[in-house]
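Worksheet: one structure, shown below.
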Amino acid sequence: MGTLSSGLNIALQSLLTEQGAIATTSNNIANVNTPGYARQRPDIAETTPVNIGTLTFGTGVQLQQVVSLRDAVLDLRVNQETQQAGQLTAFLGGGQQIQQLFNETGGTGLQAPLTAFFNSLSQLSTNPSDVNVRQAVLTAAQNLSTAFNHASVNLTTLQRGTDLGVAQSVSQINALTTQIAKVNAAVEAAQTSGQNSGPFADQRQQLINQLSNLVDVSEIDAGHGGLTLTTSTGAALVVGGHSFQLTTQIDAVTSLQHVFSQGADITARITGGQLAGQIQIRDQEIPSVQSSLDTLASSLASSVNAQNKLGFDLAGAAGGNVFVPPPAGGVGAAATLALATADPTKIAASADGTAGDNSNANALLALQNQNIAGGQTPLNFYSGLIFKIGSDISNAQTEQQSNSLILQQVQNLQGGVSGVDINEEAANLIRYQNAYQASAQVSSVINSLLQTTINLVQP
C-alpha cells in the first residue's frame, strides 16, 4: 500500500461514496413535500486500514448503507392517536345526525307535540262538552303519534345507513391490509438482501396510518424489517406477506352486519378507528335513544288509556283506549304508536257520567306533572333524553379537540425526526459536492503522476 495505484483506488472509492451521498441528499430534497416520506441518511464509514510493518495505511471510505430516519415510538403514537381521531369523527358524524332528528328549534322534536297534546287536554277541561275541543284533543294526539313514528323511523333509517357504512369500512380495511402485506414482504426482501428498504417502509407506514384511521391496529416486530398487524384484541390483519380478510355477516336477530375474523365475531372487540365509531353509533347510541323513545311512548299511551278508562265519554259510556295499547315490554312502542279511536265523543272527560263534568279531563291533564315515564314527568323524561344526546356529542367534541392537539404535537415530533429540512439538505449537498470535487482533484493528480511515471520509464 502507499502506492499511486492504491491512492487512485482510494480517490475513486471516495468519488463513488460521495456520489451516493449526493444522490441520497438529492432524493431528500425531491421528496420534501411527499406525505409520509422519511428523510434518508447516508452512513459513511472508513474502510478497514492495512498494516504494513510498523505503518498503517488507510484504505479510504465507503457508503455502508442508506438509512431512513424513523422513530418507531412516534410512529406508533401517531397511529394510536389516528385511531382515536377516526373513532371520534365517525361517532360525531352519526351523533350529530341523531341530534338533528330532535332539533326543537327546527320543529323536528317531540317537545312541541307533547306540549300541544297536554294543552288540548287543558282546553278540554274548560269545555268538556264541546265536540270541536274534543276533536282538537284527537288531532293533537294524532300529531304526537306521528312525531313518535317519524322519530323512530328516522332512527332506524340512520341505523341502517350506519350499518352500510360498517360494511364499507370493512371493505376498505381489507383493501389496505392486502396492500400492506405486499409492501411488508418487499421490506423484508430488501432488508434480507441488504438493499435500502426505506421507500418500502415509508409506503407501509403511510398505509398503516390509513388503516389506523379505520380500525384499531397493534404492531408486532416480526424481525428482518417485517411487521405483524393485529387488532388491539389480537385478530390477525397482516402476517408477513399474507393478509387476513375481515368479513361481515348479517345477525339473524337484529338484521345488522357483524364483523368476523377467521370465523370469530369480533364486532364488540373493535375499539378504535372509524369502524369502532360506526359500531358505537349503530349498536349503542341509536338503540339507547330508541329505547328511551319507546319508554316514553309506552308510558304515555298506557297512562292516558288507563286514566281514560276511569271516566265516561260524552254519551255517558265507560271510557276506552285513546291510543292503541303499546306492545308488551314497550319495545317498538314509538314506531307503532297510533290512535285507537277517531270519534271525539269517546274521550272520557267526565268522572261521574254527566256531560258537563270535567273531573276526568283534569285527571288526564294531571298526567303532565306525574312521574309516569321512567320515574319522571313526560316532558322531563324527554328533556333528559335530549340532554344526554347533547352531552354525548359535547363530550365527543371536547375529546376530538384534545385528540387533534395531541395528534398535531406527535406529528410535529415525528416531523422533527423524519421530516426533510431544506436548509440542512442544501448544506449537506454542498459538503458532499466539495468532497466529490476534492476526490476528483486527487484522482486527476494521481493520474497525472502515473502518466509522468510511465513516460519516465519508457525508452
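Output yes when any residue across the stretch 130-150 is in a loop (DSSP other than H, G, I, E, B) and under 24 Å from Ala315 (Cα atoms), and no when none is.
yes
Can you find even one residue in the stretch 216-230 that is surrounded by 16 or more Cβ atoms within 10 Å (Cβ to Cβ) and on the phi > 0 side of the Ramachandran plot?
Scanning the stretch 216-230 turns up at least one residue that is surrounded by 16 or more Cβ atoms within 10 Å (Cβ to Cβ) and on the phi > 0 side of the Ramachandran plot.
Tell me, please, whether a residue that is within 30 Å of Leu367 (Cβ to Cβ), acidic (Asp, Glu), in the same structural domain as Gly390 (by TED's automatic domain parsing) and assigned to a loop (DSSP other than H, G, I, E, B) can be found in the stretch 297-314. Walk me through how you get there before you give the answer.
So in the stretch 297-314, the residues within 30 Å of Leu367 (Cβ to Cβ) come out as 297-314.
Narrowing further to those that are acidic (Asp, Glu): 313.
With the extra rule that they be in the same structural domain as Gly390 (by TED's automatic domain parsing), the set shrinks to 313.
Still in the list and also assigned to a loop (DSSP other than H, G, I, E, B): 313.
Checking the stretch 297-314: at least one residue is within 30 Å of Leu367 (Cβ to Cβ), acidic (Asp, Glu), in the same structural domain as Gly390 (by TED's automatic domain parsing) and assigned to a loop (DSSP other than H, G, I, E, B).
Could you give every pair whose Cβ atoms fall below 6 Å, whose first residue belongs to the stretch 114-134 and is not assigned by TED's automatic domain parsing to the domain that holds Ser350, and whose second residue is part of a helix (DSSP H, G or I), counting only separations of at least 6 or pairs across chains?
Final answer for the pair search is none.
Identify all residues within the stretch 215-224 that are within 28 Å of Gln195 (Cβ to Cβ) and not in a strand (DSSP E or B); write none if there are none.
Val217, His224
Restricting the search to the stretch 1-54, which residues are within 22 Å of Gln206 (Cβ to Cβ) and of a type in the set (A, V, I, L, M, F, W, C)?
Within the stretch 1-54, Ile29, Ala30, Val32, Ala38 meet the criteria.
Could you list, in sequence order, the residues of the stretch 100-119 that are over 16 Å from Leu300 (Cβ atoms), among the polar types (S, T, N, Q) and surrounded by 15 or more Cβ atoms within 10 Å (Cβ to Cβ)?
At the first step, the residues of the stretch 100-119 found to be over 16 Å from Leu300 (Cβ atoms) are 100-108.
Those still in the list that are among the polar types (S, T, N, Q) too: 100, 103, 105, 108.
Thr108, the sole residue that qualifies.
When you look at Thr139, is it within 30 Å of Gln249 (Cα to Cα), in the same structural domain as Ala335 (by TED's automatic domain parsing) and not aliphatic (A, V, I, L, M), yes or no? Steps first, answer last, please.
Details: within 30 Å of Gln249 (Cα to Cα): no; in the same structural domain as Ala335 (by TED's automatic domain parsing): yes; not aliphatic (A, V, I, L, M): yes.
Criteria not met by Thr139.
Tell me which residues, restricted to the stretch 179-214, are of a type in the set (S, T, N, Q), part of a helix (DSSP H, G or I) and surrounded by 16 or more Cβ atoms within 10 Å (Cβ to Cβ). Working first, answer last.
Filtering the stretch 179-214 for residues of a type in the set (S, T, N, Q) gives 179, 184, 191-193, 195-197, 203, 205-206, 209-210, 212-213.
Still in the running and part of a helix (DSSP H, G or I): 179, 184, 191-192, 203, 205-206, 209-210, 212-213.
The answer is Gln179, Asn184, Gln191, Gln203, Gln205, Gln206, Asn209, Gln210, Ser212, Asn213.
Looking at the stretch 361-394, which of its residues are over 15 Å from Phe118 (Cβ atoms) and either assigned to a helix (DSSP H, G or I) or outside the structural domain of Gln284 (by TED's automatic domain parsing) (or both)?
Gly384, Leu385, Ile386, Phe387, Lys388, Ile389, Gly390, Ser391, Asp392, Ile393, Ser394
The values are calculated or read from the model by the stated rules, or taken from the named source; none is laboratory data. Source: prediction; values computed, not measured. A quick note on method: Cβ atoms are made from the backbone with ideal geometry, for glycine too, and the neighbour counts reach across all protein chains shown.
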